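Heads up, the thing below is written out as structure tokens.
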Amino acid sequence: MLLLISPDSVEEALECAKAAEHLDIVDVKKPDEGSLGANFPWVIREIREVVPVGTPVSATVGDVPYKPGTVAQAALGAVVSGATYIKVGLYGCATPAQAVDVMSGVVRAVKDYRADALVVASGYADAHRIGCVNPLALPDIAARAGADAAMLDTAIKDGTRLFDHVSPDACEEFVRRAHDAGLLAALAGSVKAADLGALTRIGTDIVGVRGAVCDGGDRNAGRIRPELVAAFRAEMDRHAREHAATVAAAS
């Protein structure tokens, strides 16, 4: 399971760089513009410059409306700025057809510029609260559009978490559908260390966090701290070892 950490500034990215051995992906976002709020192109570029060369940089394109051309241009801007994981929050897509329309444009825009970039179709565990596509539809949407990964986050950051809206069993079904389609499965949404056992068991490929590695667990007022990143990774590794031992004992 890969660990994705989301700084909102170059200063926080420098803190991530101090913990580079403990994380796998640095994900540039702007939390005050939403769950997958897009940051400025120059911030993506500056973060790419301060993060170790071997650490991939991801960038969110935003909680986007159903405007395929607008979103494709935004996605191209992110990859031109140095991101190699491009995440699109399908906030304004009410149907799978609309979501596929948006993601198809993103895939073409991104892959035409950089074929090895990864495109992530992101939906929301609390989709019922905002009227967007069902979470379990995301793997099929991503596959039909030619994306590389399907992701779930939470749209409304009010203290509720991923598992408050989509049960671990439903998340396991999400992961299975993604894997059956040849996609990576990413899960986020106010994920805490206490969730890592379930996330490991169901085969999550990427776990995304911010608040859990910020002062006081606060994604907005808190700042990312290297020691909290290291502690979170230690918990991930512990759960991975325990899960591997359980599987080995059962075989």
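The values are calculated or read from the model by the stated rules, or taken from the named source; none is laboratory data. Remember, it's a predicted structure, so these values are computed and weren't measured experimentally. Here the Cβ is made from the backbone with ideal geometry for all residues, glycine too, and neighbour counts use every protein chain on show. For the accessible areas, the whole protein counts, side chains as well, though only heavy atoms, and no ligand, DNA or RNA atoms are used. Shrake-Rupley method; radii C 1.70, N 1.55, O 1.52, S 1.80 Å.
Worth pointing out:
- Note on segment 18-36: residues that are open to solvent by less than 30 Å² (accessible area, probe 1.4 Å) and either farther than 15 Å from Tyr85 by Cα or modelled with pLDDT of 95 or more (or both) amount to 10.
Rundown of residues vs (1) surrounded by fewer than 20 Cβ atoms within 10 Å (Cβ to Cβ); (2) within 14 Å of the chain's Cα centre (by Cα); (3) more than 22 Å from Gly89 (Cβ to Cβ); (4) not basic (Lys, Arg), yes/no style:
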position: Met151; (1), (2), (3), (4): no, yes, no, yes
position: His165; (1), (2), (3), (4): no, no, no, yes
position: Ala170; (1), (2), (3), (4): yes, no, no, yes
position: Asp195; (1), (2), (3), (4): no, no, no, yes
position: Gly203; (1), (2), (3), (4): yes, no, yes, yes
position: Val213; (1), (2), (3), (4): no, no, no, yes
position: Pro226; (1), (2), (3), (4): yes, no, yes, yes
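- Scanning segment 173-205 for residues that are in a helix (DSSP H, G or I) and of a type in the set (Ser, Thr, Tyr) turns up just one, Thr200.
- Residue list for segment 102-139, restricted to those being closer than 23 Å to Phe174 by Cβ, in a helix (DSSP H, G or I) and among the charged types (D, E, K, R): Arg129
- Members of segment 137-148 that are within 16 Å of the chain's Cα centre (by Cα) and either open to solvent by 20 Å² or more (accessible area, probe 1.4 Å) or in contact (Cβ under 8 Å) with a residue 60 or more places away in the chain (or both): Asp148
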